[in-house]
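Below is one structure, written out as structure tokens, with a few remarks after it.
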Ligand SMILES: [Zn+2]
């Protein structure tokens, strides 16, 4: 075990609970720090360490068979409710983040809201919360309000606790209490597999909360922007109990596309043009001039939103695999 500047072993630096949760992303075997990095006891793969950060990205192709259920039509079992609904503030919230505590970047776009955060679970210091797609760790202060140990995972960078892939999470089954993913799943190559992986690593009753992109311009090599129905398919096929899905009312598709795509770095202009188009859209909806597939007099945000937010959990009694 190499030691850092303070003389602590890397194992202690990461915390014993984190080390206990880590597993080989390829075979699921036990990992132990050894010569030249972290070694899988089962398949022998050695993963590099950079400082205290294990690089648990796959070292070679992993072939995964994803089981899919094709249901008879109409697809009663996986049909979402007709409309998304605004996520209510959780009256028994364990975590209440006042807006001034949220950094501006988190509140804008497809970001975090006080209502969404009110569904965050709370835990003791032994439980783990996974910040999936953690980037520079900007969400860490929010995670720390939950009382869980923070584990940031991303595909690159020096800030994440661990490097890894959403499609091959380097954690054991039922090892994580809470996964939060802010506009991340759409960046992975197979969102169905990523959602199954999240369900696999969550403990029974564990929470998966996040946001995802719909009518946003493609950013940072995102891949699978998804409709309301499609998001429901991702979550339902992975076995999640879906408590809430809302269309992001403050982030219309036209605003998202203008701000992120057509008029980048002209946020004021983009916002102004979007406000005009959105106003016209609302007027149109009130005048009942919308297509007949749109409920009369409603804006049907699921058809025009930049993204969605969701609150889900795995069943408490059975372990989803
Ligand atoms: Zn292995």
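The values are calculated or read from the model by the stated rules, or taken from the named source; none is laboratory data. In this text the structure is predicted, and so the values were computed from the model without any measurement. All Cβ positions, glycine included, derive from the backbone under ideal geometry; neighbour counts span all protein chains shown.
Before moving on, here are some points about what is shown:
- All positions within region 195-227 that are without any contact (Cβ under 8 Å) to a residue 40 or more places away in the chain and surrounded by 23 or more Cβ atoms within 10 Å (Cβ to Cβ): 197
- Answer residue from region 174-194, given it is assigned to a loop (DSSP other than H, G, I, E, B) and in contact with a strand residue (DSSP E or B) (Cβ under 9 Å, 6 or more places away or on another chain) and is surrounded by the fewest Cβ atoms within 10 Å (Cβ to Cβ) among those: 189
This table checks each residue for (1) in a strand (DSSP E or B); (2) touching a residue at least 24 places away in the same chain (Cβ under 8 Å); (3) under 19 Å from residue 130 (Cβ atoms).
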site	(1), (2), (3)
13	no, yes, yes
17	no, yes, yes
20	no, yes, yes
25	no, yes, yes
28	no, yes, yes
39	yes, no, no
43	no, no, no
54	yes, yes, yes
59	no, yes, no
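- Restricting region 19-71 to residues that are touching a helix residue (DSSP H, G or I) at 6+ places or on another chain (Cβ under 7 Å) and within 15 Å of residue 168 (Cβ to Cβ), the residue that is nearest to the ligand (Cβ to nearest atom) is 64.
- Only one of the numbered conditions (1) surrounded by 10 or more Cβ atoms within 10 Å (Cβ to Cβ); (2) at pLDDT 90 or above; (3) more than 16 Å from the ligand (Cβ to nearest atom) is violated by residue 80, and that is (2).
- With respect to (1) over 19 Å from residue 179 (Cβ atoms); (2) modelled with pLDDT under 90; (3) out of contact with any strand residue (DSSP E or B) (no Cβ under 7 Å at 6 or more places or on another chain), the lone exception for residue 278 is condition (3).
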